[in-house]
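Here's the structure, in structure tokens; my notes come after.
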Amino acid sequence: MKIAVCLKRVPDTVAKITIGPDRRTIDEAGLKFVPNPYDEFAVEEALALKEKAGTGETVVHALGPDAAQETLRTALAMGIDRAVLLQSAGSPDGLEVARALAAELGAGGYDLILFGKLAVDDANQQVGPMVAELLGLPCVSAVVHLTMADGAVEAEREIEGGIEVVTCRLPAVLTCDKGLNNPRLPSLKGIMAAKKKPLEVKAVSLGAGSIEVLGLEYPAERQAGRIVGEGADAVPELVRLLRIEAKAL
Amino acid sequence: MALKVLAVLEARDGAVRKVSYELVAAARELAGAAGSVDALVFGAQTPAGAEDLAALGADRVLSAGHPDFARYNPDGFAATVASLGAGYAAIVFAATATGKDLAPRAAARLGVGLASDVVGLALQDGAVVATRPVYAGRAIQKVKLRGTPALVSVRPNAFQPAARDDARTAAVEALAVPAFEARIRVQAVKAPEKAALDVTEASIVVSGGRGLKDPANFKLLEELAEALGNTAVGASRAVVDAGWRDHAAQVGQTGKTVSPGLYIAVGISGAIQHLAGMRTAKTIVAINRDKDAPIFKVADYGIVGDLFEVVPRLTEEIRKVRSER
């Protein structure tokens with residue numbers, strides 16, 4: 001089985017975000033970047049599926065700046081066989097990103113293409129299903145449980161207040177949610193091996209797209225609240241404030 | 001500027017879901033009084049509640065009926081939206097599990113961009129401008145959609161359903177569903193053992209963190225949620241990672257972002273990635289033993305104290321208030 005994984009380089013989830021002087025993008029100076037956490041579930045699933053099959057190839061793809069090579073090396077250190085960087089500044093329009101990825105992935109002859117459910121930076125949660133549509137492949141998004149047999153996929157996805165059980169055939173695109181697996185940490189041996197694994201860099205140019213970023217702002221600061229009191233004795237006053245002042249009850 | 005807007009609604013188990021009424025309101029906000037809002041519903045039959053959509057702001061109600069539409073059908077729904085799309089200036093989806101799956105498929109088929117999880121909509125020079133949280137709520141992005149139609153998915157609870165106007169009526173129009181190849185099939189919907197309200201859609205969320213000390217102690221929060229009504233129980237990442245609660249309940253980055261009317265954080269210190277997921281709640285209450293916990297910096301009301309004493313008392317007081325009604 002030939003499996004592709006798509007991985008995005010994103011700011012560390014605990015990093016402080018500083019808005020840049022253009023007021024449209026963030027200031028990346030000194031910012032730590034990591035593989036998108038949801039994409040790590042995709043990497044792990046690809047590795048586990050290959051291990052189970054005992055054969056096959058796993059290829060990780062990223063669309064991003066040159067620095068995304070480091071992100072790809074992390075996936076190689078986890079055990080992915082080889083990497084492809086589609087070198088690009090990216091686009092605020094996920095469809096343009098999807099078009100570039102689809103052009104690369106469509107020629108790869110993959111049985112399975114895995115994405116994370118969403119990227120924690122722009123949170124658009126759209127590139128995976130878009131790639132599937134562009135390639136004419138079935139897609140199940142936000143998968144929390146997966147079983148495969150004889151080219152058939154059975155996946156579970158969380159919906160509000162329940163779990164959908166979804167089936168399709170391979171080749172397919174799946175986007176992975178937390179709960180699917182526990183991503184392994186790169187071993188020292190893996191990190192050493194990753195340095196020698198193939199990493200191909202291809203420059204791509206994206207279309208203009210139809211989404212333009214007008215601005216980026218900090219969220220409105222919440223008014224500093226107040227301590228109603230200490231211990232259970234403060235509860236009646238809290239309830240009164242919630243009813244009368246906040247009208248929240 | 002009068003826009004023609006399509007609202008792609010959601011139904012489950014044969015009834016229109018609450019978020020659908022929010023979608024009609026969001027679509028109306030874009031269309032303005034002079035524009036028009038068409039509401040699209042899917043189902044094996046027209047879902048219950050479709051007849052109320054006109055009173056809640058829709059001008060036309062389109063019902064896409066198909067034997068395979070009793071459950072979500074990604075290929076059929078996407079084909080239907082794509083077949084209608086060119087006739088609209090904007091299409092509004094719900095940023096729910098279904099909407100987040102459907103909207104990108106429709107965008108790819110229509111060849112236009114999509115702004116996801118939008119919390120505000122406006123028009124600027126005739127173009128749709130969407131406001132959306134990025135970096136897990138640590139920044140707010142404003143984007144202009146230059147494509148036609150402009151596609152957005154709106155976050156549950158971000159728009160209020162319109163007040164009902166029974167003078168407004170519209171007959172439900174049957175829509176011909178285009179031919180489609182069903183490659184993806186939703187075989188079943190498994191309900192959890194106890195039907196739980198989702199944290200993204202509840203009006204009130206009560207969340208617990210490590211301060212609860214033991215997974216069994218979430219019972220205290222479940223009792224409080226039951227007393228409050230229409231309340232979901234959420235959890236911090238720490239307790240989800242520890243396996244105390246299901247990931248579906250996790251609030252914060254790598255979990256869910258919620259905007260309920262009331263958020264009660266119990267035994268949660270308020271790590272940056274948790275605050276990111278709940279800071280847009282209308283009112284925030286924090287109950288924590290540590291008076292210096294960061295959660296108090298975003299809470300409207302705080303109680304410093306032992307949650308094992310405070311929470312049962314709160315449940316008791318809420319029951320009293322609720323029984324007075």
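The values are calculated or read from the model by the stated rules, or taken from the named source; none is laboratory data. All values derive from a computational prediction rather than experimental measurement. Cβ atoms come from the backbone with ideal geometry, glycine included; neighbour counts cover every protein chain shown.
The rows are residues; the columns are (1) surrounded by fewer than 22 Cβ atoms within 10 Å (Cβ to Cβ); (2) touching a helix residue (DSSP H, G or I) at 6+ places or on another chain (Cβ under 9 Å); (3) modelled with pLDDT under 95; (4) of a type in the set (A, V, I, L, M, F, W, C).
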{"position": "B:Val5", "(1), (2), (3), (4)": "no, yes, no, yes"}
{"position": "B:Val8", "(1), (2), (3), (4)": "no, yes, no, yes"}
{"position": "B:Arg28", "(1), (2), (3), (4)": "no, no, no, no"}
{"position": "B:Ala33", "(1), (2), (3), (4)": "yes, no, yes, yes"}
{"position": "B:Val41", "(1), (2), (3), (4)": "no, yes, no, yes"}
{"position": "B:Ala44", "(1), (2), (3), (4)": "yes, yes, no, yes"}
{"position": "B:Ala55", "(1), (2), (3), (4)": "yes, no, no, yes"}
{"position": "B:Asp59", "(1), (2), (3), (4)": "yes, yes, no, no"}
{"position": "B:Gly65", "(1), (2), (3), (4)": "yes, no, no, no"}
Item to check | Which listed residue is in contact with a helix residue (DSSP H, G or I) (Cβ under 9 Å, 6 or more places away or on another chain) and modelled with pLDDT of 95 or more, from A:Ile159, A:Ile211 | outcome: A:Ile211
Item to check | Only one of A:Gly190, A:Gly225 that is more than 30 Å from B:Gly147 (Cα to Cα) and either surrounded by fewer than 18 Cβ atoms within 10 Å (Cβ to Cβ) or of a type in the set (Asp, Glu) (or both) | outcome: A:Gly190
Checklist entry - Among B:Pro133, B:Pro156, B:Pro149, which is in contact (Cβ under 8 Å) with a residue 40 or more places away in the chain, facing chain A (nearest Cβ under 8 Å), surrounded by 12 or more Cβ atoms within 10 Å (Cβ to Cβ) and touching a strand residue (DSSP E or B) at 6+ places or on another chain (Cβ under 9 Å)? => result B:Pro133
Item to check | Of the criteria (1) within 29 Å of A:Lys16 (Cβ to Cβ); (2) touching a residue at least 40 places away in the same chain (Cβ under 8 Å); (3) more than 9 Å from chain A (Cβ to nearest Cβ); (4) in contact with a helix residue (DSSP H, G or I) (Cβ under 7 Å, 6 or more places away or on another chain), which one B:Met278 fails | outcome: (4)
Next on the checklist: Can you find a residue that is surrounded by fewer than 20 Cβ atoms within 10 Å (Cβ to Cβ), assigned to a helix (DSSP H, G or I), within 14 Å of chain A (Cβ to nearest Cβ) and among the small types (Gly, Ala, Ser) anywhere in the stretch B:214-227?
Outcome noted: yes
Checklist outcome for this item: Restricting the stretch A:8-38 to residues that are touching a residue at least 60 places away in the same chain (Cβ under 8 Å) and of a type in the set (Lys, Arg), the one surrounded by the fewest Cβ atoms within 10 Å (Cβ to Cβ) turns out to be A:Arg23
Checklist entry - In the stretch B:121-180, which strands (runs of 3 or more DSSP E) lie fully inside it and hold 3 or more residues that are within 17 Å of B:Ser20 (Cα to Cα)? => result B:150-154
Checklist entry - Condition test on A:Thr13, is it more than 25 Å from A:Ala152 (Cβ to Cβ), assigned to a helix (DSSP H, G or I) and either in contact with a strand residue (DSSP E or B) (Cβ under 7 Å, 6 or more places away or on another chain) or not small (Gly, Ala, Ser) (or both)? => result no
Checklist entry - Looking at the stretch B:170-184, which of its residues are away from chain A (no Cβ under 14 Å) and exposed (fewer than 12 other Cβ atoms within 10 Å of the Cβ)? => result B:Ala171, B:Glu173, B:Ala174, B:Ala176, B:Ala179
Checklist outcome for this item: Restricted to the stretch B:82-105 and to residues being touching a residue at least 24 places away in the same chain (Cβ under 8 Å) and at the interface with chain A (Cβ under 9 Å from one of its Cβ atoms), the residue nearest to A:Leu134 (Cα to Cα) is B:Arg105
Checklist entry - Among the candidates B:Ala108, B:Ala139, B:Ala122, which residue alone is buried (at least 24 other Cβ atoms within 10 Å of the Cβ) and in the same structural domain as B:Leu40 (by TED's automatic domain parsing)? => result B:Ala108
Item to check | Which listed residue, of A:Met78, A:Met130, is within 10 Å of chain B (Cβ to nearest Cβ) and either closer than 30 Å to B:Tyr72 by Cα or of a type outside the set (Val, Ile, Thr) (or both) | outcome: A:Met130
Checklist entry - Residues that are of a type outside the set (Phe, Trp, Tyr) and within 23 Å of B:Ala191 (Cα to Cα): which helices (runs of 4 or more DSSP H) entirely in the stretch B:5-116 hold 3 or more of them? => result B:18-31, B:97-110
